[in-house]
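Right, one structure below, let's go through it.
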Amino acid sequence: MKKGLYPSILVILLSIFSSTFSLGQSRITVFAEDSVSLMSYAHVKFTCLTCNTGKTTAFILTNDRGIATNPFDASTQIHIKLLGYKDLIDTLAQGQSQKYYLQQSSVTLNEVVITAQYSSNNPEKAVHKVKIVDRKRIEAQGAVTLRDVLTNETNIRISQDNVLGSSTSIQGLSGQNVKILIDGVPVIGRLGGNIDLSQINLNNIERIEIIEGPLSVEYGTNALAGTINLNTKKKSKYNYDLGLNTYYETVGQYNIDGQVSWHKGKNSIVMTGGRNYFDGWSTTDKFIDFSTSNIADTNRVSEWNPKEQYFGQLQYIREISNLKLRYASSYFEETITNKGLPRKPFYETAFDDYYYTQRFDNTLSLNGKVGKNGNLNMIFSYNDYKRRKNTFYKNLITLEELLTEAPSDQDTTLYNLIMARGSYSTSNDSSKFNYSVGYDINVETGIGQRIKNNEQQIGDYAIFGSAEYCPIKEITIRPGVRYSHNTSYPAPLTPSLNIRYKFSKSYTLRASYSRGFRAPSIKDLYFNFVDINHDIQGNPNLEAETSDNYAVSTTWQRVNRGKIYKANFSLFYNDISDLITLAIGEGTSYSYFNLEQYKTLGTQLNMEFSIEHFKVSIGGSYTGVYNSLSSTEGGGGKPYNYSPEVRSSALYNFRKWNLQVAGFYKYTGSVVGYYLDDEDAVQQSFLDDFHTLDFTITKGFWKNKIKWTIGGKNLLGVQNIQSTGATGVHSSNTGVVAMSWGRSIFTALKINLNDEVFTKKKTHDK
């Protein structure tokens with residue numbers, strides 16, 4: 001035998017063995033539905049069905065040729081996931097290789113919107129541009145209240161008052177121009193025209209929908225600058241859920257809440273409740289400082305007042321054919337403690353203020369399909385709000401407290417709202433014409449010593465309707481109109497027109513004109529507060545604010561091999577007449593007047609890139625504000641004063657370790673405004689710019705039934721913002737505006753138990 005024959009035979013034998021081994025090892029190849037494009041970076045979960053010991057699952061990404069190799073030499077279940085495509089589940093026999101073809105999903109991000117829609121809809125098909133903040137985003141931010149979420153949104157600004165709470169502005173408009181809803185029901189109880197966002201807890205919120213610009217046709221008064229609708233959790237795929245959440249932040253926040261839900265047949269019951277506690281914060285506090293009692297020294301006074309909240313909700317849901325009957329009852333209670341400085345000469349007494357807030361809301365709703373294409377949505381609610389302020393003279397030695405005798409030190413205000421709203425709409429995708437008609441009844445009552453005659457009531461009764469006409473598949477035209485009768489003022493007719501044009505597979509153009517209005521509130525009309533320091537009178541002759549809003553936006557979206565690219569560019573213009581504002585009247589008296597014209601305009605750009613395990617977005621806005629003072633000589637002759645914003649976020653999932661890392665950054669530009677001083681001269685006001693940065697890490701355990709989050713908030717250390725301007729009914733002032741309580745670290749633990757394990761076990765047994 002020749003000398004070189006043995007090596008040749010050895011090579012042939014090794015080649016045969018290697019070939020045999022590779023043939024026996026199964027693998028899958030993933031294609032797009034066009035049968036040509038290979039899908040790289042698809043996530044494949046291999047689950048061994050016959051393995052009794054050792055590792056039974058493995059996660060593998062397909063390579064650049066769309067191939068993933070099965071790590072198990074056994075019968076295996078595969079689950080293929082790729083963002084923008086429908087999930088695919090199959091079973092491979094031992095040694096089997098297979099090709100798979102993924103179908104593109106029509107709802108790319110698995111999102112659904114309901115605000116101002118005829119029925120639940122894909123946001124890409126909606127005539128309005130809707131921002132969605134889902135539960136994953138809420139948890140990634142470590143958000144506790146609505147204030148925490150909106151802080152990182154483009155074109156939305158948050159302001160803070162340590163007694164009245166936090167408030168928001170959209171498109172340069174704030175106060176009562178922003179409508180806040182929970183499951184379509186308005187949130188009442190405005191202080192200074194604003195809803196305190198820190199009173200709206202997110203423990204049972206599934207999704208937040210934000211629409212900028214007027215929705216006055218659909219939701220009436222106050223929906224002029226924008227509408228924020230919070231949707232609560234209502235359903236689960238499990239028979240029962242049991243959840244417990246804890247939260248601690250180094251500034252002195254200690255929160256705990258829980259949820260119990262039960263689902264059987266057509267019935268569901270969901271109960272949630274919890275407690276949030278904040279022990280107060282000052283710049284002199286230690287970085288990690290546990291609650292202590294400071295009775296008789298200057299440390300008892302906090303820059304951020306201590307706050308305690310209790311909240312709970314009970315929901316019952318009954319399915320009746322294609323309809324859902326839902327009853328929800330919720331309760332909220334808050335106590336803010338404003339401790340005073342010890343008084344001279346012996347520092348043994350102090351004046352302490354207590355602010356108590358109570359909310360009791362009840363809602364009965366019926367919604368769902370009626371017939372083949374009809375949709376019914378009916379809501380009846382009763383909301384009760386109570387705000388009480390008490391001032392006590394406190395002995396810091398005996399801790400005895402006595403109510404002070406000054407009338408302005410004690411105050412109780414109550415508001416209640418009875419709302420009945422119903423609509424019927426059609427939603428037939430194959431029809432060129434769909435419509436919606438409805439009614440909206442709101443009766444609000446205010447009771448208190450600072451309200452004229454101690455009690456006032458405003459009734460608003462409206463009918464509204466709109467129609468969607470699609471002359472061709474790519475174009476949707478929706479005109480709408482609302483007619484109201486108000487018991488206190490002549491309400492204007494409110495029209496709107498929305499157009500959506502999808503002129504290619506990737507591009508969607510939206511344009512709209514909306515007439516908005518803001519009704520004078522009970523406080524605007526009937527407020528009466530006179531003491532040694534104040535003289536503020538309501539004005540029963542006020543007219544409603546009216547506005548014309550013009551907006552245009554274009555959205556580009558592309559899906560390519562599991563990667564999603566999105567961009568949105570928009571322009572808006574608001575022209576407001578009869579702006580309701582507080583101004584000086586006769587002598588030193590202040591009252592509410594329809595004084596000036598107010599305009600805002602701006603642009604916004606948002607871009608987003610997503611793959612299965614990574615998502616990054618960046619956006620910015622540039623908003624200009626005009627009022628009658630800005631164009632005067634004292635105002636510099638500038639018709640508009642502009643302020644920029646920049647926002648970005650990034651989320652990355654390490655699937656191998658079930659770990660998510662997220663970061664959120666926002667730059668808020670400086671604000672310039674104008675006011676009249678005591679000598680009626682035009683003066684400028686300034687609010688400095690600032691940056692915020694948050695970072696979180698979330699780790700899942702035990703099939704994500706336990707999630708642990710740790711993160712840092714306000715890592716750039718923003719506390720107080722320099723401000724120069726006017727302080728409402730008093731003189732001008734130079735100082736600071738509270739924005740945040742500085743750097744902090746937080747940790748949160750979420751436990752969710754359900755019958756998933758038992759369900760899976762039963763499935764395998766079968």
Positive-pole candidate from Phe701, Leu323, Gly192, dipole of the chain, charges at beta carbon: Phe701
Scattering profile of region 371-441 at q = 0.19, 0.26, 0.27 Å⁻¹ [log10 I(q)/I(0), Debye over alpha-carbon scatterers]: -0.87, -1.09, -1.12
Across 5 Å bins from the origin, how do the percents of Cα pairs in region 24-102 run, short distances first? 3, 17, 29, 26, 15, 7, 2, 1
Cβ neighbours within 10 Å, averaged per peptide: list 473-482, 194-203 in order, most packed at the top. 194-203, 473-482
Rg in Å to one decimal, and Dmax rounded to a whole Å, for region 244-357 via C-alpha atoms: 20.8, 74
Let me know the charge dipole size of the chain about its Cα centre in debye, to the nearest 20, where only the beta-carbon of Lys, Arg (+1) and Asp, Glu (-1) is charged. 4960 debye
If you project the alpha carbons of region 130-231 onto their three principal axes, what span does each projection cover, largest first, in Å? 32, 31, 23
So which of Lys136/Lys386; Lys136/Lys179; Lys394/Lys452; Lys81/Lys234; Lys264/Lys703; Lys286/Lys339 end up more than 28 Å apart by C-alpha? Lys136/Lys386; Lys394/Lys452
Order these peptides, 464-470, 261-267, by their mean beta-carbon neighbour count within 10 angstrom, highest first. 464-470, 261-267
If the rule is a partner Cβ under 4.7 Å, which cysteines in the chain fail it? Cys470
Taking only DSSP H segments of four or more residues, each worth -39500 (n - 2.57), what value at 222 nm results for the chain once the sum is divided by all its residues, to the nearest 500 deg cm²/dmol? -2000 deg cm²/dmol
Correct choice for Cα Rg over 2.2 N^0.38 Å that was computed from the model, options (i) 1.15; (ii) 1.09; (iii) 0.99: (ii)
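Read-outs: derived from the displayed coordinates by stated rules, not from any lab. Fair warning: this is a prediction, and the values are worked out from it, not measured in the lab. Please note: Cβ atoms are built from the backbone with ideal geometry, for glycine as well, and neighbour counts cover all protein chains shown.
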